[in-house]
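Scroll down for the structure; my scribbles are underneath it.
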Amino acid sequence: MSRFHCQDIFGPQTIAPMSHCATLVELPNGELLAAWFSGAFETAPDQAIYLARLARSANTWTPPQIAVDTPGHADGQPVFLLDHHHTLWLYYVTLSGDDWTTAHIKRRPSNDLGHTWGPEEDLGLEEGFMLRSRPLFLPYPGGGGRWLLPAYDEKRWQSFMLISEDDGRTWQIGHPIVTPPGNIHACVVPLAGAHLLAYLRTGGKGGFIWQTTSMDGGMSWATPQPTPLPNPNAGLDLIRLPNGPLVLAFNNSYQRRTPLCVALSEDVGKTWRHLRVLEDDDAEFSYPTLATTRDGKIAAVYTWKRQCIRFVKFDEEWLREGTEWHPPQA
């Protein structure tokens, strides 16, 4: 594979008029598994969750398959969690009404890495609670650990963590993370020990990415502050590479979901000296999800014009050859 590889997981509008909100996980066998939702339009009654996979030696993704399709109700916001019993969980929401404020968080287990799925379970949380960002496992020195599953309240526009001390069997609701313009989609990365960093999607008409930190493994969070990085009220993602640097995927715009960029920071987000543009046409390119792979590469999936899901894979050196980030023109 070249230093930068790009392909569509499926052709534009080949499975539905609209496709959006992809997530990605590398499985223990080295396969990549992607999930997203497709339908007539966002929150349409026919909106379903689809899956596709890419084998380690394959050049193309498998044809999309439906994983969740609740008759007459929109399903969306898929997130994967692979627990320590080797069960792959697909978390998602199903709408009881016509918009995201009627969301209910649910999940299904798979014992064969997503080829088949067990019965649906409703987590019984408040209506309007949603998901978007990947979970984070924090191991304890003596064994075991804590799962954090970032969630948010679509009604109040506040982020919070779902916290599990029993490998995801049960969840407790953490304290809300509040910002003046509202926030959702917390992306959490570990720094050192119990020190965590979270980037937040802003609310309102757009503005800046906000950030907050935790010193106790996600049990409490400092008062959030805006970063210099723009955010047009759109999804983003943040990961930490095994060798330390942060990688951010975001729209480098205050009001538009273009351009879509990836950037690298070696000083915990103080500066972003290496930036590459993935898409910059006059269209929507949004909701990126990042993942590191066992071959040392960085992978991403994102919405391409609301018509399909695009996959890219690149190495750190390719990203380091990018130019320094500067604020976009207002």
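The values are calculated or read from the model by the stated rules, or taken from the named source; none is laboratory data. Please read all numbers here as calculations on a predicted model, not as lab measurements. Here Cβ is always computed from backbone atoms with ideal geometry, including for glycine, and neighbour counts include all displayed protein chains. What goes into the accessible areas is simple: the full protein's heavy atoms, side chains included, and nothing from ligands, DNA or RNA. Shrake-Rupley method; radii C 1.70, N 1.55, O 1.52, S 1.80 Å.
Measure out, as a whole number of angstrom, how far apart the alpha-carbon centroids of the stretch 245-297 and the stretch 299-320 sit. For the stretch 245-297 versus the stretch 299-320, the Cα centre distance is 9 Å. On full extension, the segment bounded by Asp122 and Ala194 gains 22.9 nm, given 0.36 nm per residue less the C-alpha separation. Taking 0.36 nm per residue of separation and subtracting the Cα-Cα distance, full extension of the segment from Asp46 to Phe137 would add 29.4 nm. Got the relative contact order for the stretch 197-330 handy, in percent, Cα pairs under 8 Å and 6 or more residues apart? About 18 percent, as a whole number. Which residue, Ser38, Ser220, Ser133, tops the fluctuation ranking in a GNM of the chain built on C-alpha contacts under 10 Å? Comparing Ser38, Ser220, Ser133 in the GNM, the peak value goes to Ser220. In summary, the aspartates and glutamates within cross-link reach of Lys155, defined as a Cα separation below 20 angstrom excluding same-chain residues under 8 places away, comprise Glu42, Asp75, Asp98, Asp99, Asp122, Glu126, Glu127. When only Cα pairs below 8 angstrom with a gap of at least 6 residues are kept, the stretch 161-264 shows a relative contact order of 19 percent.
Here each label is just a point 7 Å from Cα along the line to Cβ, and for Ala55 and Arg156 those points are 4.8 nm apart. When a/c is below 1.5 the answer is rounded, else prolate if a/b is larger than b/c, else oblate, so apply that to the chain with a ≥ b ≥ c taken from the square roots of the Cα gyration tensor eigenvalues. Rounded is the answer for the chain, as its axis ratio a/c remains below 1.5. Build a GNM of the chain with springs between Cα atoms under 10 Å apart, and of Leu236, Leu136, Leu264 the one that fluctuates most is Leu136. The apolar share of the surface of the chain, taken as the fraction of accessible area on carbon and sulfur atoms (1.4 Å probe, ligands and nucleic acids excluded), comes to 52 percent. Once you keep just the Cα pairs under 8 angstrom separated by 6 or more residues, what percentage relative contact order results for the stretch 83-139? Result for the stretch 83-139 is 32 percent. In the context of the full set of protein chains, the chain has a per residue accessible area of 41 Å² (1.4 Å probe).
Sum up the charges of everything whose Cβ sits under 14 Å from the Cβ of Phe37, counting Lys and Arg as +1 and Asp and Glu as -1, but leave Phe37 out. Spelling it out: positives minus negatives among the neighbours equals -1.
A simple charge model with +1 on the Cβ of Lys and Arg, -1 on the Cβ of Asp and Glu and nothing else charged puts the dipole of the chain at about 560 debye relative to its Cα centre. Summing charges over all other residues whose Cβ lies under 15 Å from the Cβ of Gln172, with Lys and Arg as +1 and Asp and Glu as -1, gives -3.
Students often forget the sequence filter, so: which aspartates and glutamates lie under 16 Å Cα-Cα from Lys270 once same-chain residues fewer than 8 apart are removed? Of all the aspartates and glutamates, those that pass the test against Lys270 - Cα under 16 Å, at least 8 places apart if same chain - are Glu324.
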